[in-house]
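The values are calculated or read from the model by the stated rules, or taken from the named source; none is laboratory data. Remember, predicted model here, so these are calculated numbers, not experimental data. All Cβ positions, glycine included, derive from the backbone under ideal geometry; neighbour counts span all protein chains shown. Ligands, DNA and RNA are stripped out before the accessible areas are found, and what is left, the full protein with its side chains, is counted by its heavy atoms. Shrake-Rupley method; radii C 1.70, N 1.55, O 1.52, S 1.80 Å.
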Amino acid sequence: MAREPGSEIDAIRRSLAAVGVAVAVEWVDETPSTNTDLVERIRKSQPLPETTLRIAASQTAGRGRHGRRWHAAPGTALTFSLCRPLMAEPVGLSLAIGAALADALDPPSPGRPVRLGLKWPNDLWLLDEPGVPGQGGRKVGGILIESVSGPHRDRAIVIGVGLNVLPQAVADAASGFACLREIDAAATPLSLLVGLAPALVAALVRFDRHGWAAFAGRFAERDVLRGRVVRAGSDEGVVDGVAATGELLLRTAHGLVSVVSGEVRVQTIAEAPC
């Protein structure tokens with residue numbers, strides 16, 4: 001096993017200390033999946049600190065939604081998971097986490113177009129046209145959230161994040177491939193995590209207190225689907241944003257339809273008519 005990158009992990013621990021939430025930081029050179037590691041420990045009621053961040057240099061069986069595989073050559077991506085007790089119902093949590101990560105990676109600034117967009121319900125995209133989320137882009141990362149119950153009915157949330165940092169060849173990337181080196185030439189997986197880890201923990205604290213509503217405006221500014229024609233299951237229509245409860249709103253020929261996260265697969269099929 002490779003030696004833990006001490007100075008970078010120490011920097012991550014220091015950045016988390018500034019948030020005021022105790023977080024245990026774990027490093028592993030290689031594992032099938034950081035989410036699976038934490039989920040199995042919770043299910044077996046193995047002791048975990050209240051909040052745990054598990055980082056992997058390489059995942060051999062990283063997972064996305066619907067069991068899809070997350071492709072990442074060793075050293076090219078940032079892959080980590082964060083678990084903590086479930087404090088609030090996770091309605092809209094993947095959207096809130098996406099908004100927090102995008103703001104940390106691509107801080108909003110007056111007069112500067114955003115480079116990162118958000119594709120409902122859990123993907124980060126690099127915009128082909130900065131500042132114009134509705135004109136498409138390429139996938140740069142994804143979020144996988146799992147709610148887990150332990151043997152004693154205690155519940156926890158496990159949030160997995162995978163971000164492409166360096167270029168790599170991915171033959172079956174349905175949404176294209178983008179990496180964060182395209183917006184930060186000096187980016188490395190762990191250098192990015194120094195800023196992302198405290199932003200994620202702070203976002204969870206805010207979510208516990210205020211829910212999805214506290215992030216809705218930030219998500220809307222980066223929404224890559226709004227105004228576009230999509231197909232969701234048997235429904236087809238124009239995306240009309242996201243509901244207060246986190247569902248995708250779809251204007252169809254039969255009226256407004258709410259698409260629930262996790263139940264359907266959304267696929268953009270064309271630009272909306274003017």
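Per-structure values
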read-out: Pair list, Cβ < 7 Å and 6+ apart or interchain, from the stretch 115-143 residues that are touching a residue at least 60 places away in the same chain (Cβ under 8 Å) and part of a strand (DSSP E or B) to residues that are among the aromatic types (Phe, Trp, Tyr) and open to solvent by less than 20 Å² (accessible area, probe 1.4 Å); value: Leu118/Phe219
read-out: Scope the stretch 105-139; condition modelled with pLDDT of 95 or more and small (Gly, Ala, Ser); matching residues; value: Gly117
read-out: Condition met for Ala102 (buried (at least 20 other Cβ atoms within 10 Å of the Cβ), touching a Leu at 6+ places or on another chain (Cβ under 6 Å) and modelled with pLDDT of 85 or more); value: yes
read-out: Check on Val259, at pLDDT below 95, open to solvent by less than 20 Å² (accessible area, probe 1.4 Å) and closer than 20 Å to Ser94 by Cα; value: yes
read-out: Residue check for Pro90: over 11 Å from Asp223 (Cα atoms), in contact with a helix residue (DSSP H, G or I) (Cβ under 9 Å, 6 or more places away or on another chain) and not in a helix (DSSP H, G or I); value: yes
read-out: For Gly150: the one exception among (1) modelled with pLDDT under 85; (2) in contact with a Phe, Trp or Tyr (Cβ under 7 Å, 6 or more places away or on another chain); value: (2)
read-out: Any hit, the stretch 160-176, residues being within 12 Å of Leu105 (Cα to Cα) and in a loop (DSSP other than H, G, I, E, B); value: yes
read-out: Only one of Pro74, Pro47 that is in a loop (DSSP other than H, G, I, E, B), modelled with pLDDT under 70 and out of contact with any Phe, Trp or Tyr (no Cβ under 8 Å at 6 or more places or on another chain); value: Pro47
read-out: Total residues in the stretch 1-44, condition of a type in the set (S, T, N, Q) and either free of Cβ contacts under 8 Å to residues at least 40 places away in the same chain or assigned to a loop (DSSP other than H, G, I, E, B) (or both); value: 4
